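These notes concern the structure reproduced below.
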Amino acid sequence: MVELGHPRSFPLVQDALQVVVVGAGISGLTTAISLLEQGHGVRIVAAAPSATTTSALAAAVWFPTHVGPWERVLRWGEDTYDVLAIHAEMDVPGVVMRESLGLYRQAPGEPEWAAAVGGVRVADADELPPGYRYGLRFAVPLAEMPIYLPWLVARVRELGGEFTQRHVQSLHEVGGGADLVVNCAGLGARELIGDRAVYPVRGQIVRVTNPGLTMSVRDEQHPGGRAYVHPRQNDCILGGTLDEGRWDTTVDMAVGAAIIERCWDLVPALRDARVIEHVVGLRPGRSTVRLEEDEQLSSGARVIHNYGHGGAGITLSWGCAREVVALV
């Protein structure tokens, strides 16, 4: 069987564990698949289906954003890049390698994430929009989440994984009969285990029709706020905000209009695009990703945490899942 998770897989385990993964977002699904591919039994327990998680709203372009610690992020990101690149090559639904242009107001040098990407070059003058003097060209994976998430769910089921929909108030509730509980609750970890270091990072984006774009463009230092344009099959995602500590998921139309206006600076052709919808989601912010083993539950089940990925959930997903497998 061809494993569709990690390009570098672990040997199959001799003593399979019964594992409960809490959370059905991108971290929970990739962790479950990685464990299932090694022969463990896995049940995902989550309050809501994957299609309703924050992961489903993500622009989901590989790019480390609002996450730490940097040395671990680079390793997790490189592993994830490799997996998603293989998925794109294998025509896994929703995953493509997207030509990209990063825009800068000063000479950027070589970014720290360049080693994971492999090929980064200075953009030619005719590749830059008006008003920009500096840019970098590279290719990174893009996962169209309304397509990729259902494929991941189907992959879990194909490997024998199970889903249970219920609201979990304590990890002790799911520890009975399990050898291991993996906490992939994202922002929910704040209440689930009382981790007050977890906070919301509100993100507002705009979906518009695609006027024929094939290249992602971003300017993280735009004077009006960070700006990015990510074309997908039938739309483009325009973003976006990183509002720390804000729980409000109500769309702010003034913010949406500002996002659109600054994205016009990046891609003037967007002036012909029609707005489809405005969307708000809450990313699971934390000063550092928590990926470590914790004290056993009263049932004797081991606990591994895997949450706090900020704006880099898809970017770190498979790499973090691989580390969970290594800890197991």
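Quick note: the coordinates plus some simple rules give every number you see, no bench work behind them. Remember, it's a predicted structure, so these values are computed and weren't measured experimentally. A quick note on method: Cβ atoms are made from the backbone with ideal geometry, for glycine too, and the neighbour counts reach across all protein chains shown.
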TODO: Please give the helix 145-158 orientation as an angle from the longest Cα principal axis of the chain, in degrees from 0 to 90, rounded to the nearest 10.
DONE: 20
Open item on the list: Only sites in a loop by DSSP and with at most 13 other Cβ atoms within 10 Å count here; which trypsin sites (Lys or Arg not before Pro) in segment 149-219 make the cut?
Closed with: Arg166, Arg196
Open item on the list: If I fit a long axis through the Cα atoms of helix 70-89 and take the longest principal axis of the Cα atoms of the chain, what angle between them do I get, 0 to 90°, rounded to 10?
Closed with: 80
Open item on the list: Let's see if you can work this out: charge +1 on each Lys and Arg Cβ, -1 on each Asp and Glu Cβ, no other charges. What is the dipole magnitude of the chain about its Cα centre, in debye to the nearest 20?
Closed with: 500
Task: Kirkwood Rh in Å, taken over segment 175-326 so that all alpha-carbon pairs contribute - done: 17.3
- [ ] Return the FRET efficiency for the residue pair Val275, Gln221: r is the Cβ-Cβ distance, R0 is 30 Å, and the value is rounded to the nearest 0.05.
- [x] 0.75
Open item on the list: Helix 26-37 against the longest principal axis of the chain: what's the angle in degrees, Cα atoms only, rounded to the nearest 10?
Closed with: 50
TODO: In Å³ and rounded to a whole number, note down the convex hull volume per residue for the Cα atoms of segment 261-307.
DONE: 160
Task: Antiparallel bridges, percent of DSSP beta bridges restricted to the chain (to nearest 5) - done: 65
Task: Once the Cα gyration tensor of the chain is diagonalised, semi-axes √(5λ) in Å - done: 34, 21, 18
